[in-house]
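Report on one structure; see the data block that follows.
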Amino acid sequence: MPMHLTHELRAQGVGTSEIRRKIRTGELHPLRRGAFATEPDEGTARHLQLIRATLPTLSDGSVLSHVSAAVLHNLPVDERLLGRVTVTRPSKGGSWVGPQLHRYRTPLADSDVETVDGMCRTVMARTVVDLARCGDLAMAVAAADAGLRMGLASQALDQQLTAARRRRGCARARVAVSLADRRSESVGESVSRVTMWQLGLPMPELQMEVVVGGLRYRPDFAWPELNVLGEFDGKVKYDRLRRPGESVSDVLMREKRREADLRAAGWWVVRWTWADAVKPERLERLLRPALERRR
């Protein structure tokens, strides 16, 4: 998505009144002071543009970190936090929060930093631990799960925890890393697992293969000793399950047949959505009766 800076527009003969007109008509979309996008992107696409617009304003030594580094690493983040670029200055001190910039002051080792496509960012392991120290536990576990699926070594996370042992939020980061599992295939599954842990429910097996009538199934969650299976239902999941030429309706029908086979074989199947995963009382109402009944 093209981006324009105010001084570039003025060099082309576009004055202040014309810039304002283009904003009113939707030809330009403000990213931050002095920077405009030509398309009204949202989410991570807009955040990437905001990073590009912010980089020239940063002081020397600033490193993209936390949410911004997570976006660059293709890790999942809370979309409510995408309105600010997050950077770390390698020194001691507190943080500063402005309208479109969140600046942390924390020691950074040389091995914690890498430069890719001209952008200086924290490495993936440091990014995951920073997110866990400073943010929501469930989304931190989702980021750690995604990192492990991409090939991040668990030893790298352990090393980052050791380095951060005296920093604020390190205890929460240790919990996040202990819960991380590369077998988790979506943010919804990761968040569900954290909610189960918070509720004190038995922790499930992930992506366990179940064979019924010669067919192999791989439910999101399984409690084999209780004959209970759990499935997180989300749009991303059904898109992922679509075969060539299939519609979402085809996938739903196939999932219904699959569930009928599992129930016929004696498995108790519990399904839930994002709205249930983020509300402990709702997930508990769905899961606890099934787990205790089968127990």
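Read-outs: derived from the displayed coordinates by stated rules, not from any lab. The shown structure was predicted, so the numbers you read here are calculated from the model rather than taken from an experiment. FYI the Cβ positions are ideal-geometry reconstructions off the backbone, even for glycines, and counts take in every protein chain you see.
Observations
- Charge dipole magnitude, Cβ of K and R +1, D and E -1 - the chain, Cα centre, debye nearest 20: 720
- Positive dipole terminus of region 129-234, leading residue within VAL141, ALA156, SER178 (C-beta point charges): ALA156
- Full extension of the chain between GLU42 and LEU199 gives 53.1 nm of extra length, using 0.36 nm per residue less the Cα-Cα distance.
- Rounded to the nearest 20, the Cβ-based charge dipole of region 41-179 about its Cα centre (Lys and Arg +1, Asp and Glu -1) stands at 620 debye.
- Label sites at LEU55 and GLN155, each approximated as a point 7 angstrom past Cα along Cα to Cβ, lie 3.3 nm apart.
- Rounded to the nearest 10 degrees, the angle from helix 154-163 to the longest Cα principal axis of the chain is 50 degrees.
- For the pair ILE23 and SER95, a Förster radius of 25 Å applied to the C-beta separation gives a FRET efficiency near 0.20, rounded to the nearest 0.05.
- For the chain, the relative contact order comes to 10 percent (Cα pairs under 8 Å, sequence separation of at least 6).
- The angle separating the long axis of helix 124-134 from the principal Cα axis of greatest extent in the chain is about 90 degrees.
- Our estimate of slack between MET119 and ARG10, defined as 0.36 nm per intervening residue step minus the Cα-Cα distance, is 36.6 nm.
- Contour excess over end-to-end distance, with Cα ends at ARG271 and ARG172 and 0.36 nm allotted per residue: 32.8 nm
- Taking the C-alpha atoms only, the angle from helix 137-149 to the longest principal axis of the chain is near 80 degrees.
- Computed over neighbours whose Cβ is under 9 Å from that of VAL63, the net charge equals +1, Lys and Arg +1, Asp and Glu -1.
- Label positions at ARG182 and GLU255, each projected 7 Å from the Cα along the C-beta direction, are separated by 2.7 nm.
- Protection proxy ranking of 79-91, 152-164, 121-133 - average other beta-carbon atoms within 10 Å, highest first: 121-133, 79-91, 152-164
- Counting only Cα atoms, region 41-179 measures 36, 32, 25 Å along its principal axes, largest extent leading.
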